[in-house]
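Q: Below is a structure I'd like to ask you about.
The values are calculated or read from the model by the stated rules, or taken from the named source; none is laboratory data. Predicted model, so just to flag it, every value in this text is computed and none were measured. With ideal geometry, Cβ positions are generated from the backbone for all residues, glycine too; neighbour counts draw on all protein chains shown. SASA here: full protein model, heavy atoms, side chains in, ligands and nucleic acids out. Shrake-Rupley method; radii C 1.70, N 1.55, O 1.52, S 1.80 Å.
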Amino acid sequence: MRKKIIAGNWKMNLTHSEGISLFSEIVNMVKDEKNGNQTVVICPPFIHINSLVQLSNGIVKIGAQNCHEALNGAFTGEISAKMIQSTGAEFVIIGHSERRQYFNESDELLTKKTISALQNNLTPLFCIGESLEQRNNGTYFEVLKNQLKALTAHLDATDFTKVVIAYEPIWAIGTGLTASAAQAQEVHAFIRSTLAEAYGEEIANQTSILYGGSCNAQNAAELFAQKDIDGGLIGGASLKSRDFTDIVKAFNF
Ligand code: 13P
C-alpha cells in the first residue's frame, strides 16, 4: 500500500519561538486526528529543526526544505543532508519551484542533492511542476516528463523506491488558484505512467505522489479522493494549526 503523506512547508516564515508554539499546537491537534496509515511531516526553516524534533513525540515527522549536495566542507551558509539527518529529521524537500526559480537550481544539481539525501537516510520529497505559460501552451506533460527523467536517469530502482514525488504546479502555488481535482489527477496519472516506463508498474504503483499548490481545508478532501493522489505538500495552510489539522482530517480514510 502506498504511504499517505501530509507535509507542511513553512518556507521562510516564523521566528524560533513562533515555530515552537505553532508546532506544539499542531502535534496536539494532529495526534487526535491522524490514523495509522498517515505520515504527517512539518518542514520548518533549518534553525527550528532541532527544537521541533524534540517536541515531535513521533507524531509529526520533521523535514528540511533544502540541503547541500556535499557532506561537509567550505560552503559558507549551507547545510548538508548528513547534518539534517543528525538532528533526527527524516525528510527533505528537493527541487521546490522556488529553489529552481530564485536560486537557479538545475536538474543536475537536484539529482546530486537527492542522491546525497538518500545516502544519508533522508526521504526526499522531490518537487516537479509547470509554469502557467507551460500549462497554457500545452507543453506541461513534456516539461514534467523532462524534470522526472533528469532524476530517474541517475537513480536505480532500489534508490527510487525511497523517493516521494510532489506535483506542484507553479501557477497554483500561493496564488489561491488550485488545480481542479480532475487536472491534478490527470497529471498524477501521467507521472505514475512515466515512472512505470522507468522502473515498471510495481514500483510506480508503490510511489507516493503528493499534490501541492493552494491545497486547503476546503479542497483537500476532493483532491485526496483521486486515485493517484497520495497526499499533499501544503504551504500557507500549514502555518495555521486548525487549517493544517483539517487537511490531515480530510485524508483520514
Ligand atoms: P501554497 O499551499 O501556499 O500554495 O504552497 C504550496 C507549496 O509551495 C508547498 O511546497
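Here's the yes/no breakdown for (1) assigned to a strand (DSSP E or B); (2) hydrophobic (A, V, I, L, M, F, W, C):
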{"position": "Val92", "(1), (2)": "yes, yes"}
{"position": "Thr114", "(1), (2)": "no, no"}
{"position": "Gln134", "(1), (2)": "no, no"}
{"position": "Ala150", "(1), (2)": "no, yes"}
{"position": "Ile165", "(1), (2)": "yes, yes"}
{"position": "Trp171", "(1), (2)": "no, yes"}
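Q: Residues Thr123, Thr111, Thr158: which one is modelled with pLDDT of 95 or more and more than 17 Å from the chain's Cα centre (by Cα)? Spell out the reasoning first.
A: On the way: Thr123 fails: more than 17 Å from the chain's Cα centre (by Cα); Thr111 fails: more than 17 Å from the chain's Cα centre (by Cα).
Every option except Thr158 fails the conditions.
Q: State the number of residues belonging to the range 49-97 that are open to solvent by less than 20 Å² (accessible area, probe 1.4 Å), within 16 Å of the ligand (Cβ to nearest atom) and of a type outside the set (A, V, I, L, M).
A: 7
Q: Can you tell me how many residues in the range 28-48 are surrounded by 13 or more Cβ atoms within 10 Å (Cβ to Cβ) and closer than 20 Å to Ile93 by Cβ?
A: 11
Q: Moving on. Do you know which of the residues in the range 164-190 that are touching a helix residue (DSSP H, G or I) at 6+ places or on another chain (Cβ under 7 Å) and more than 16 Å from Phe224 (Cβ to Cβ) is farthest from the ligand (Cβ to nearest atom)?
A: Among residues in the range 164-190 that are touching a helix residue (DSSP H, G or I) at 6+ places or on another chain (Cβ under 7 Å) and more than 16 Å from Phe224 (Cβ to Cβ), the one farthest from the ligand (Cβ to nearest atom) is Phe190.
Q: Could you please find all residues in the range 207-253 being more than 9 Å from the ligand (Cβ to nearest atom), small (Gly, Ala, Ser) and not in a helix (DSSP H, G or I)?
A: Hits for the range 207-253 are Ser208, Ala217, Ala225, Gly231.
Q: Does any residue in the range 45-57 that is touching a residue at least 40 places away in the same chain (Cβ under 8 Å) come within less than 7 Å, Cβ to Cβ, of a residue that is of a type outside the set (Lys, Arg) and open to solvent by 30 Å² or more (accessible area, probe 1.4 Å) six or more places away or on a different chain, and which pairs are these?
A: If the second residue must be of a type outside the set (Lys, Arg) and open to solvent by 30 Å² or more (accessible area, probe 1.4 Å), the pairs left are Ile49/Thr87.
Q: Just to be sure I understand the filter: pairs with C-beta atoms under 7 Å, separated by 6 or more residues or on different chains, first member in the range 127-142 and open to solvent by less than 90 Å² (accessible area, probe 1.4 Å) and among the small types (Gly, Ala, Ser), second member within 16 Å of the ligand (Cβ to nearest atom) and not in a helix (DSSP H, G or I). Which pairs pass?
A: Gly129/Tyr167; Gly129/Glu168; Gly129/Pro169
Q: State whether the residues of the range 5-22 include one that is in contact with an Asp or Glu (Cβ under 8 Å, 6 or more places away or on another chain), touching a residue at least 60 places away in the same chain (Cβ under 8 Å) and open to solvent by 20 Å² or more (accessible area, probe 1.4 Å).
A: Yes; the residues of the range 5-22 include at least one that is in contact with an Asp or Glu (Cβ under 8 Å, 6 or more places away or on another chain), touching a residue at least 60 places away in the same chain (Cβ under 8 Å) and open to solvent by 20 Å² or more (accessible area, probe 1.4 Å).
Q: Could you grab the pairs with beta carbons closer than 7 Å, sequence gap of 6+ or different chains, first residue in the range 152-180 and open to solvent by 40 Å² or more (accessible area, probe 1.4 Å) and aliphatic (A, V, I, L, M), second one assigned to a helix (DSSP H, G or I) and within 13 Å of the ligand (Cβ to nearest atom)?
A: Close Cβ pairs satisfying both conditions: Ile170/Ser97; Leu177/Trp171.
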